[in-house]
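Below is one structure; the comments refer to it alone.
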Amino acid sequence: MDNLWHFFGRLAQMLKTYFRTAWREISRNKVYSALNILGLASGMAAALLIGLWVYVQVSYDRFIPGYQHVYKVRYNVNNNGEINTSNSTNLPLAEALKEDFQEIKYVAQTDWMGQHLLSVGDKRINVNGAMAGSDFLKIFQYPFIQGNAGTALSDPYSIVLSQTTAVVLFGQEDPVGKIVRIDNFHNLRVSGILKDVPANSTFQFSFIVPFAYYSATDEGVKNSLNDWNNNSFQTFVALQPNISYADLAPKIKGMLVKHSPKYFAQTKAELFLEPLKDWHLFSEYRNGVVTGGLIDYVKMFAIIGILILVIACINFTNLSIARSEKRAREVGIRKAIGSRRKDLVLQFLTESMTLTVVAFLLSLLLVILALPAFNNLTHSTISIPFNNGLFWLTMAGYILLTGLLAGSRPAFYLSSFNPVKVLKGSMQTGKGRHIPRKVLVVVQFTCSIALIISTIIIYQQIQHAKDRPVGYDASRLLMTDATGDLTRNYEAFKNEMLNTGVVSSVTKSSSPVTDLWASNSVTDWSGRLPGETLSLAIIGVSDADYFKTLGMKIVNGQNFTGNLGADSLSVILNEAAVKRMRYKDPINQVITWHTVQQQATVIGVVKDALMLSPFSGSVPTIFIYQPSWSNVVTYRLSPYVNTHTALTKLAPVFNRYNPTIPFQYRFVNESYASKFDFESLIGKLAGLFASLAIIISCIGLFGLASYLAEKRTKEIGIRKVLGASVPQVWLLLSKDFLLLVLISCLIASPIAYHYLQNWLMKYDYRITIGPTPFVLAAVAATLITVFTVSFQAIKAAIADPVKSLRSE
C-alpha cells in the first residue's frame, strides 16, 4: 500500500512539473500561444456546435418508451412502372390490422394534426392538436401528469391537454374533469394532463381528442369509416415486444389487395411499416425504397465539423513544427542531462493538452454566445447540457482526442532531435523537412476551398429554382383556412368580401395553392395500355373563380361554369397530366377516376403550376368541381389598396362570418418562399462554416508567415542592402504560400465537383455545374491568402535593414 501511495505521489509531482514547464513555455511565447488557442477554440466551438445539432437530430423521438416497436403504416403503389410511396391510409385498415395479426399490440388512427380553437369561459387559444384513436397514448407513451393512457381517450367527448395548455386555460386550478369547448361546437371534459411534448418530437401538439369524437361529429369522416378508397388519415402500430418486424413484413404486404382488391389490385399496392426511429432522418423514398433525407445533411455537417477541427489541429501542428528550431537547443540540453525521449514526449503532450483545455474553455464561451443566433437560424432549441454527466465524459474524451491530434506530431518530432547535432548547430536544413508542413497547409486549404465551392453551388441551385416560373401570380394573394362557419356561409361571406372593394377575387378549394393534399387513381382513359396504372394529384374547387383568383391560365378548352349539375361531370387537367396520359387532343376525352367511380369529361387544360417542390417537375393534377371540399379560402387583394388597410377592412368580415375563430391569414408568396427554407439553411450553414474554416486557416497562415518573416529577418536585410525592392521581398515571402493555395484549389475542385454533382442528382430541376464556382473559390482563396501573408511580408520588407543586421 505504501508503494502504491509512493507511486501516485511521484506521478503527481511529475505531472505538476510538466504542467509548470508547459505553462512557462506558453507564457513566454504569448503571440504563438494566443494564435494556437484562438485557432483551436474556433475549431472546437464549431465542432461542438455541429455536434450538439447532430445529437438533437439523431435523438428525435428516442425519449418515447418502447420507440423500437412503434411504426407508421405506409404502402407502395405501382404507377405505370414507377413505385410511389403513400404517406396516408384509410380508416378500415386499422381494424383489419388489429384482427388479422396477433403480432400487433396496438393500432391507432389519427388526422394530420392542425389548429383548433379551445375556449374556457372568456379564454380562447388557437393551438395545434390531434384527433387520435384510443390506443394512441399506449403506442406513444408520453408521460402523464394526471390521468393514464388506458382511460384518457376512452370517452369520445373527452380531451387530454398538455401542461402548458392546461395552465393557459385554467391557471392553477385542477383542470381534470372541467369543460373545454372546441371550435365553439362541442364541450369536452378534460380526462388527463400530459407533460409538454419535447422539442425533439416528430409530433408537436397541445391537446388530443379521441378519434371517436372526430367520426361522430364530422360527416366526411363518418362516411370514411368503411371506405377503403379514402386514404386521408394516418395509421400507427406498436408491435408486441418479442416480435421482429422482419418476420411480420411478408405477412402484411398484401393486406390492401386482400381486403380491397377493387381499389388496390390494379396498382399492386404493398403495405409496409416505417419505424419511428427513422421518421425524422429517413424521409425520402424513390421507387418504394428509402433513399435518405435529413440523414444526408446530418452526415455532411458531421464531416464538416470534423474537418474544421482537423484544420484547427493542423494550425497547432504547423506552428509547433515551424518553431522547432527555436526549441531544438532546449531538447538537446534536456537529452544531454538525462531526459529520455518518452519524458520529452510527455512534456510536449502536456503543453498540447494545456493549450487544448484553455481552448476548450474558450470554445464553450463562444458556443454559449453563438447559440441564440444559431438556434434562430436553424429554428432549434439547442442548449449545452451542463448537468449531464455523459456530456462531460464525452467532452473529456473530446479534449483528449483534440489534444493528441494536435500535439502528437510536434511531440514526437521535437523529441526525435539528436542532442549532439543540435548542440553543434548542425540540424537538418534541407527542403525535405518542410514537406510535412506544406502538406498540412494544402490539406487545410483544400477543405476550406471545397466548402467555399459548395456554398456557391448551393446558392446557385437555390437561385435557379427561385427564378423558375411558378405558373400562378402570388402577388397580393392570401389564404385563410376554411374553418368553423366559413364553409356554411361561404357565398354570403364571398359576396361581402368583394363588396369591401379591397378584394378583387375570392375562391375556395380542397388544398392551398402551395401544396397538394390528395391524390387519386384514374382507372380508365382513352389510350390506356393494358395493365397501365395512373395516379393524379386532385384538387376540388368550389366555384368558377379558382383559376382567375390564382392567376392560372387555361390554355385549352374552357373553365367550370359554376353550375354543380353540369360541372360535377367535368374535369380540368394540367399540362403535366395531359402529357402523362399521352393526349394529343384532350378536350372531350372521357376518364374514369376512383373517388366517385364514374366517368367525367375533360373540358379544359390549365398551364402547369408549381404546387409542391420548386426543385421538381409539375405534378400531374386533375381539378374537379366539388364545393363541399372546403379547406382553404384564397383571395387576391385589389392592386391599388394598401395591404394594412385591406386587412383592417377584411378582419370584421371574417369575424362576422366566423366569430369563434380569430382571423388568420398567410401570404402565398411567403408560403412559397418557405419551400426554400431547408435548402437556404443548408446554404447559410455551409457558408458560415466555410468562412470559419478560412478564418482558422488564415490564423495558422498568419502565424507561419510571422514566424518565417522573423526567421529570415537578416536575409531580408541583406537583400535590401543589395537593392531588393519591397515588391521583391513581398514576393519572396508570399510565393510559397500562394503556390500551396493554388495546389489546394486543384485538389479541392474535383473533390467538390464529385460530391456536389451527387447532391444535385436528388433534384429533378437542377443546375449544370460550370467553371464559375471553382474560379470564384480560387480567386477568393488567393486574395485571402495574399491579404493574410502580406501584412507580415510588407512589415518585413519595409523594416530598417540596419536594425536587422546590427547584431552581426
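Quick note: the coordinates plus some simple rules give every number you see, no bench work behind them. Computed from a predicted structure; not experimentally measured. Quick reminder, even Gly has a Cβ in these numbers, built from the backbone with ideal geometry, and neighbours come from all protein chains shown.
For the stretch 564-624, run through the trypsin sites (Lys or Arg not before Pro) and keep only the ones in DSSP coil with at most 13 other Cβ atoms within 10 Å of their Cβ. Counting only loop positions with at most 13 other Cβ atoms within 10 Å, the trypsin sites (Lys or Arg not before Pro) in the stretch 564-624 are ARG582, LYS584. Taking the Kirkwood radius as Rh and the Cα radius of gyration as Rg, the stretch 67-279 has a ratio of Rg/Rh equal to 1.00. Distance from the C-alpha centroid of the stretch 257-277 to that of the stretch 436-513: 33 Å, rounded to the whole angstrom.
Can you order the peptides 657-663, 272-278 by their average number of other Cβ atoms within 10 Å per residue, highest first?
Values: 657-663: 16.6, 272-278: 18.6.
Result, highest mean first: 272-278, 657-663.
Legend: residue pairs LYS72/LYS262; LYS262/LYS466; LYS178/LYS222; LYS548/LYS649, Cα-Cα distance threshold 31 Å; pairs beyond threshold, LYS262/LYS466. Counting every C-alpha pair in the stretch 144-225, the share spaced more than 20 angstrom apart comes to 35%.
The length gained on full extension between TYR55 and LYS466, counted as 0.36 nm times the residue separation minus their Cα-Cα distance, comes to 144.8 nm. Between ASN376 and GLU532, the distance separating the two model label sites (each 7 Å from Cα on the Cα→Cβ line) works out to 5.5 nm. Scoring 110-122, 523-535 by mean Cβ neighbours within 10 Å over their residues and listing the highest first yields 110-122, 523-535. Summing charges over all other residues whose Cβ lies under 12 Å from the Cβ of VAL180, with Lys and Arg as +1 and Asp and Glu as -1, gives +4. Per-residue 3J(HN,Hα) values for the stretch 489-504, derived from phi via the Karplus relation 6.51 cos²θ - 1.76 cosθ + 1.60 with θ = phi - 60°, read 10, 4, 4, 5, 4, 4, 4, 5, 4, 5, 6, 5, x, 9, 10, 9 Hz in sequence order (x marks Gly and Pro).
For the stretch 477-675, the Kirkwood hydrodynamic radius from C-alpha pairs, put into Stokes-Einstein at 20 °C and a viscosity of 1.002 mPa s, yields a diffusion coefficient of 121 µm² per second.
Counting other Cβ atoms within 10 Å of each Cβ, which trypsin sites (Lys or Arg not before Pro) in the stretch 185-232 have at most 15 and sit in a DSSP loop? Walk me through the numbers before you get to the answer.
Working: sites: ARG189, LYS195, LYS222; in loops: LYS195.
Within the stretch 185-232, the qualifying trypsin sites (Lys or Arg not before Pro) (loop, at most 15 other Cβ atoms within 10 Å) are LYS195.
Listed peptides 150-159, 507-516 appear in the order 507-516, 150-159 once ranked by packing, highest mean of other Cβ atoms within 10 Å at the front.
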